[in-house]
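The values are calculated or read from the model by the stated rules, or taken from the named source; none is laboratory data. Source: prediction; values computed, not measured. All Cβ positions, even for glycine, are placed from backbone atoms using ideal geometry, and neighbour counts span all protein chains on display.
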Amino acid sequence: MSNLNVQLSSMMLDNPIIPASGTFGFGYEFKDFYDINILGSMVLKSITKSARFGNDTPRIAECKSGMLNAIGLQNPGIEAFLEDEVLKINKIFKKKIIASVAGFSEEEYVYVAKKFNDIEIVGMLEINISCPNIKKEEGKFFSSEKNIYSLCREIRKVVKKPFFIKLSPNTENVISVAKAAEDAGANGITACNTYFGMAIDPRNGKVVVSTKKAGFSGPAIKPLTVRLVYEIFENVKVPIMGSGGISNSDDVIEFMYAGATATQIGSQNLINPTVCKEIISDLPKKIKKYNIKSLKDIIGKSHY
Amino acid sequence: MKSQVVLKIKSNIKLAKNIFLMKIFGYIENLPVPGQFINIKIENFFLRRPFSICNFKEDTISIIYKIVGKGTKSLSKMKPNKSLNVLYPLGNGFDLNDVEKRGKIILVGGGVGIPPLYFLAKELKKLKINFEVVLGFTTYEESFFVKEFLDISKLHVASIDGKIGKKGLVTDILKEISHDYYFTCGPLAMLKAVHKIGKEGQLSLEERMGCGFGACMGCSLRTSTKVKRVCAEGPIFKSSEVVF
Ligand SMILES: Cc1cc2nc3c(=O)[nH]c(=O)nc-3n(C[C@H](O)[C@H](O)[C@H](O)COP(=O)(O)OP(=O)(O)OC[C@H]3O[C@@H](n4cnc5c(N)ncnc54)[C@H](O)[C@@H]3O)c2cc1C
Ligand SMILES: Cc1cc2nc3c(=O)[nH]c(=O)nc-3n(C[C@H](O)[C@H](O)[C@H](O)COP(=O)(O)O)c2cc1C
Ligand code: FES
């Protein structure tokens, strides 16, 4: 066993490096850049029941130390995903993947989640209840502990694989939503999705992204999400995946000290397609330098 | 094969008002084709900036860019020998299959949409295909590469200020010269006007990009057949699939 491996729910990962949903396409966009089989696993773009174009463009904006996106869950829909994409992924990725599920009602989530039961390559699910780029009324549903509890109960009834709940950082009750998910049978928590943000072009006063409000990600959000992971760790027993502003091996180690069992790399993949490879090759040197015997030993260590 | 490489600036010179020609060189393993672009990392900016490949020779890639904001401003200040992290070659080139059967071919470029057409013109010349070129500029001060195109093609120029070529728009010229097939790149209004003429052709489109290689879905657009990513299935689109 290497000193990078971690046990994430039912998945034994070679390392805790996992590209985040929506920032890694369906994997094969990266195969020219490196052999993606070195990754711990990967989370694919969120899948909904029907195909979605997403929001109008521009749906990307540049920010200091980060970016805004308002993709709006563009995806081919579950049927097309299972028919076309799974085969392609199977050809290039030999490990288990994490499938991301999104929806607009409890029924839709359950419908999509269930479809992955017999898909061999899917090791577990991540339930994205936190896309900031959907309509307000649709989004509201997911900030209520009661609704999340019910959603997780329903998913638990039909889904055989472990599932994580990916939280929104944009509600005041992040911790209690995490607890509700755990109580209802979620196997883990992903903390967190993007933060609500906005950019206005000073040259003309126009809001840059078509939806106006968009999701802010990148290095600038790291301290905000480290704090969330730290607090969630104090309140739940299930494993946590940290996602927010990670760009190097030090960031990974920081998240793990805060309580993450594995870490997701998001926006950084877009501007440096080999970032995950660089982190994986740098981690052994870093933990040696910091006198860490095995990476799993530091999970949540900052709390003790 | 796409790759991430560190190349060096060979030269970075002003061609016209706010318009620069930058040559970057290094070990170029994957040869680009006309219509493809590169995505440049500029220090102090989070996202990369995409630019069409204007020319390619042995170990050197050229781009022509216009200063429109902070990123391109910063690019214009860079000196020779500085290293640049570049993703390339991205997107698909112009489809030149059966190009010899297309009848009379015309290349239509406007402003900083002109650069990829220069690379294309050189390629068509190499393939011994006859073609004519129509370039449009806003003003004489912003015109560039007229001599370079004259050297390799039959050229028509239009400018809005009338100080170079014919006063007016490229579409005014297009109405006067017969053609069967076009390749075009330029401002959206120009692309729409060329498309509207109704001949068959290929258009190079732009969209804000998060990555440039298909990972983020930031640059998607609806075509007549399906949703496509400008960076991955484009930036070149057939006239029949473009919906404006
Ligand atoms: C495939 C492709 C090829 C291109 N080729 C050329 C070229 O050969 N020559 C040239 O001068 N320009 C080209 N552009 C446009 C060029 O990328 C933008 O002008 C440049 O990114 C502006 O950066 P900025 O920081 O100066 O502007 P800002 O307005 O400060 O940029 C803010 C953000 O918006 C994006 N952005 C701004 N304008 C555009 C635009 N027109 N298209 C896409 N993104 C934009 C920037 O990349 C950045 O993320 C091309 C664009 C694309 C998509
Ligand atoms: C372009 C883009 C698209 C995204 N799409 C999704 C998505 O479909 N589902 C999801 O759960 N998260 C999505 N996210 C959020 C990321 O997975 C990640 O949680 C977030 O960006 C924070 O991490 P980062 O700072 O490392 O980018 C997206 C992020 C970006 C930048
Ligand atoms: S810019 Fe990311 S998919 Fe096209």
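Restricting attention to segment B:133-174, which residues are buried (at least 19 other Cβ atoms within 10 Å of the Cβ) and out of contact with any strand residue (DSSP E or B) (no Cβ under 8 Å at 6 or more places or on another chain)?
Result: B:Thr171, single match.
Mind telling me which of the residues A:Glu182, A:Glu106, A:Glu138, A:Glu154 ends up being modelled with pLDDT of 95 or more, over 27 Å from A:Phe255 (Cα atoms) and out of contact with any strand residue (DSSP E or B) (no Cβ under 6 Å at 6 or more places or on another chain)?
A:Glu154
For segment A:49-160, please list each of the strands (runs of 3 or more DSSP E) lying entirely inside it that holds at least 1 residues being away from chain B (no Cβ under 14 Å).
A:97-101, A:122-128
Looking at B:Asn30, is it away from ligand 1 (no atom under 16 Å from the Cβ), at pLDDT below 95 and more than 19 Å from A:Ala61 (Cα to Cα)?
Yes, satisfied.
Being more than 30 Å from A:Ile60 (Cα to Cα) and either of a type in the set (A, V, I, L, M) or modelled with pLDDT under 95 (or both) is true for just one of A:Ile292, A:Ile271. Which residue is that?
Selected residue: A:Ile292, the only one of A:Ile292, A:Ile271 that is more than 30 Å from A:Ile60 (Cα to Cα) and either of a type in the set (A, V, I, L, M) or modelled with pLDDT under 95 (or both).
Within segment B:208-228, restricting attention to residues that are more than 7 Å from chain A (Cβ to nearest Cβ) and more than 22 Å from the chain's Cα centre (by Cα), which residue is modelled with the highest pLDDT?
B:Ser224
If you take just the strands (runs of 3 or more DSSP E) that sit entirely in segment B:1-103, which of them hold at least 2 residues that are within 14 Å of another protein chain (Cβ to nearest Cβ)?
Passing ranges, in order: B:3-16, B:37-41, B:49-52, B:83-90.
What pairs can you find where one residue is in segment B:50-68 and over 20 Å from B:Gly210 (Cα atoms) and small (Gly, Ala, Ser), the other is in a strand (DSSP E or B) and away from ligand 3 (no atom under 16 Å from the Cβ), and their Cβ atoms are less than 8 Å apart, with a gap of 6+ or different chains?
B:Ser62/B:Leu21; B:Ser62/B:Met22; B:Ser62/B:Lys23; B:Ser62/B:Ile24; B:Ser62/B:Asn55; B:Ser62/B:Phe56
Mind telling me which of the residues B:Lys226, B:Lys167 ends up being more than 30 Å from A:Gly66 (Cβ to Cβ), within 16 Å of ligand 3 (Cβ to nearest atom) and basic (Lys, Arg)?
B:Lys226
In segment A:17-48, which residue that is over 21 Å from A:Leu82 (Cβ atoms) and surrounded by fewer than 19 Cβ atoms within 10 Å (Cβ to Cβ) is nearest to the other protein chains (Cβ to nearest Cβ)?
A:Asp32
Can you spot a residue in segment B:85-98 that is within 27 Å of B:His195 (Cα to Cα), among the hydroxyl-bearing types (Ser, Thr, Tyr) and touching a strand residue (DSSP E or B) at 6+ places or on another chain (Cβ under 7 Å)?
Checked segment B:85-98: no residue is within 27 Å of B:His195 (Cα to Cα), among the hydroxyl-bearing types (Ser, Thr, Tyr) and touching a strand residue (DSSP E or B) at 6+ places or on another chain (Cβ under 7 Å).
If B:Ile236 passes every condition in (1) within 11 Å of chain A (Cβ to nearest Cβ); (2) within 11 Å of ligand 1 (Cβ to nearest atom) but one, which one does it miss?
It fails just one condition, (1).
Quick test for you: out of B:Gly91, B:Gly109, pick the one residue that is closer than 26 Å to B:Glu176 by Cα, surrounded by 23 or more Cβ atoms within 10 Å (Cβ to Cβ) and touching a residue at least 60 places away in the same chain (Cβ under 8 Å).
Result: B:Gly109 is the single residue among B:Gly91, B:Gly109 that is closer than 26 Å to B:Glu176 by Cα, surrounded by 23 or more Cβ atoms within 10 Å (Cβ to Cβ) and touching a residue at least 60 places away in the same chain (Cβ under 8 Å).
Restricting attention to segment A:176-228, which residues are of a type in the set (Ser, Thr, Tyr), within 14 Å of chain B (Cβ to nearest Cβ) and within 23 Å of A:Gln264 (Cβ to Cβ)?
Result: A:Thr194, A:Ser217.
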